Each structure stands twice: as structure tokens, then as C-alpha cells.
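Asks: I have a structure here, written as C-alpha cells, and I will follow up with some questions on it.
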Amino acid sequence: MKFLLLMLGVGLLVACGGGSSPVSPSTTTPTITISETGVSPAELRISVGQQVRFVNNTSQTHMMRSNPYPVHTDCPPINELPALSAGQSGLTGALTEQRTCGYHDHQQPQNQEFQGVILVGVSESGGSSSGY
């Protein structure tokens with residue numbers, strides 16, 4: 001009887017793939033949420049090469065663009081983000097240079113609530129280099 005139970009247990013392990021499988025690392029996209037009170041987080045740290053998702057949880061359209069206003073030349077991948085209507089989300093291009101990328105809502109460039117910074121590959125100690 002013990003042999004039969006042992007064989008049944010082995011059969012179940014084989015049928016279920018047996019053993020443990022490696023867990024793949026998390027691939028979540030860093031996200032900035034736009035609400036009626038502004039952007040959150042206002043400062044986001046990401047790794048070089050990542051994209052950032054912006055989610056518009058307001059009733060208005062927002063057009064997030066790279067600093068400086070109005071030329072948007074500091075971090076061009078941010079400018080790949082489409083204008084976001086109410087409830088929409090979108091991705092920036094890949095931010096491939098280590099640097100600090102300021103952004104703002106092009107339609108409200110002076111409104112500090114809709115301004116923020118993405119720290120690309122910048123450590124807590126603040127080390128960065130220029131690029132783009």
C-alpha cells in the first residue's frame with residue numbers, strides 16, 4: 001500500500017511538472033499618475049533603458065513633455081508620450097542615458113503641480129552624467 005501511495009505521489013509530481021521552476025524577475029513599468037492635484041510621484045527613479053508609463057486619472061487632457069518649455073529638448077524620449085485624454089495611459093520612449101529628466105504639462109507649463117523629474121540611473125547620492 002505504501003508503495004502504491006509513493007508511486008501515486010511521484011505520478012502527480014511528474015504530471016504537475018515536479019519541483020520548483022525559477023521565478024522570473026518583475027518587469028513592471030515605472031508609473032507616474034496624473035490626478036486632479038498633480039503628478040505622483042513627483043520624483044521617480046528608474047534604471048537606464050526603462051520606459052515610464054503615465055496614467056491620466058483626471059477629467060482633462062494632459063500633454064507631458066520634457067523640459068525646458070517650449071522646446072522640450074532635455075529628454076526627447078519623454079516627448080514620445082501621446083497627449084493623454086481622461087482615463088488614458090501611455091509610455092515614454094526608452095530613457096537610455098543616465099541623467100535627470102525634468103518634465104511638465106505642455107498645456108500648463110507654469111503649474112508646478114504638473115511638473116516632475118525622472119532620475120534615470122541616478123543613485124541616491126546624486127551621481128549623473130549628461131546625455132541625449
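The values are calculated or read from the model by the stated rules, or taken from the named source; none is laboratory data. Computed from a prediction, not measured in an experiment: that's the story for all the values here. Every residue, glycine as well, gets a Cβ built from its backbone with ideal geometry; the counts of neighbours run over all protein chains shown. Each accessible area value is taken on the protein alone, full model and side chains, heavy atoms only, with ligands, DNA and RNA left out. Shrake-Rupley method; radii C 1.70, N 1.55, O 1.52, S 1.80 Å.
Asks: Being free of Cβ contacts under 8 Å to residues at least 60 places away in the same chain and in a strand (DSSP E or B) is the filter here, so list the residues in region 31-47 that pass it.
Replies: Once the filter is applied, which keeps residues that are free of Cβ contacts under 8 Å to residues at least 60 places away in the same chain and in a strand (DSSP E or B), region 31-47 yields Thr31, Thr33, Ser35, Ser40.
Asks: Do you know which of the residues in region 57-87 that are touching a helix residue (DSSP H, G or I) at 6+ places or on another chain (Cβ under 6 Å) and in a strand (DSSP E or B) is least open to solvent (accessible area, probe 1.4 Å)?
Replies: So the residue we want is Ser66.
Asks: Would you mind stating whether Ala94 is modelled with pLDDT of 95 or more, among the hydrophobic types (A, V, I, L, M, F, W, C) and open to solvent by 50 Å² or more (accessible area, probe 1.4 Å)?
Replies: Judged against the criteria, Ala94 is not a match.
Asks: Just the residues that are farther than 14 Å from Ile34 by Cα, part of a loop (DSSP other than H, G, I, E, B) and touching a strand residue (DSSP E or B) at 6+ places or on another chain (Cβ under 9 Å), please, taken from region 88-106.
Replies: Within region 88-106, Thr92, Leu95, Thr96, Glu97, Gln98 meet the criteria.
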